[in-house]
Each structure stands twice: as structure tokens, then as C-alpha cells.
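See below for the structure under consideration.
The values are calculated or read from the model by the stated rules, or taken from the named source; none is laboratory data. Predicted model only: the values in this text are computed from it and were never measured. Reconstructed Cβ throughout: ideal geometry from the backbone, glycine too, with neighbour counts over all protein chains shown.
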Amino acid sequence: MLKAVGLDDLVAADEDAYVSRAVALANDLDGLTALQAGLRERMRGSELCDGAAFAAAMETAYREMWLAWCDG
């Protein structure tokens, strides 16, 4: 979800990285304020809010999973 809204730099590989990013963000009040101010617009413009495209992607994923299961 973070990647979908252009916040790749907030993605953490493990718990330690998550805590580190959270602490850094909490200590950067100006950055946090800017992030919060633009978050709604980022979300609105992302693929996460495109219901038709999301449904089509899910249908494709289900079909691929079904075919993989059928192939054994």
C-alpha cells in the first residue's frame, strides 16, 4: 500500500527497520506534517482508489492462482 501511494521510503524489511523509520518520522515533525497534509491526495490519486482496475487485477490474480493449482 505504501508503494502504491509513492511512499516506498517508508517500507520496512523487518521489525527493526520499521521501528527505526517510525522513530525517525516521529522526530521529524515538519516532515510528518507535510506527509499528513498530502496523504489524502496521494491516496485519492493512487491505484488503490481505482476500483475497476483493482477488481480486474484481483480477477487476474485469482485466475493465475487457479491455473497454478490445476497444474499441480
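Annotations for the structure displayed:
- Residue match in the range 17-40 (condition: among the hydroxyl-bearing types (S, T, Y), farther than 15 Å from A4 by Cβ and under 18 Å from the mean Cα position of the chain (by Cα)): yes
- Among residues of the range 40-61, those that are among the basic types (K, R) and loosely packed, with under 10 Cβ neighbours inside 10 Å, counted: 1
- Number of residues in the range 23-37 that are under 16 Å from D8 (Cβ atoms) and either in contact with a Lys or Arg (Cβ under 7 Å, 6 or more places away or on another chain) or among the aliphatic types (A, V, I, L, M) (or both): the value is 3.
- So D30, is it at pLDDT 95 or above and either of a type in the set (S, T, Y) or loosely packed, with under 12 Cβ neighbours inside 10 Å (or both): yes
- Of the candidates A37, A68, A24, the single residue that is surrounded by 10 or more Cβ atoms within 10 Å (Cβ to Cβ) and in a helix (DSSP H, G or I) is A24.
- The residue that is farthest from V5 (Cα to Cα), among those in the range 41-72 that are at pLDDT below 95 and either touching a Lys or Arg at 6+ places or on another chain (Cβ under 9 Å) or basic (K, R) (or both), is R44.
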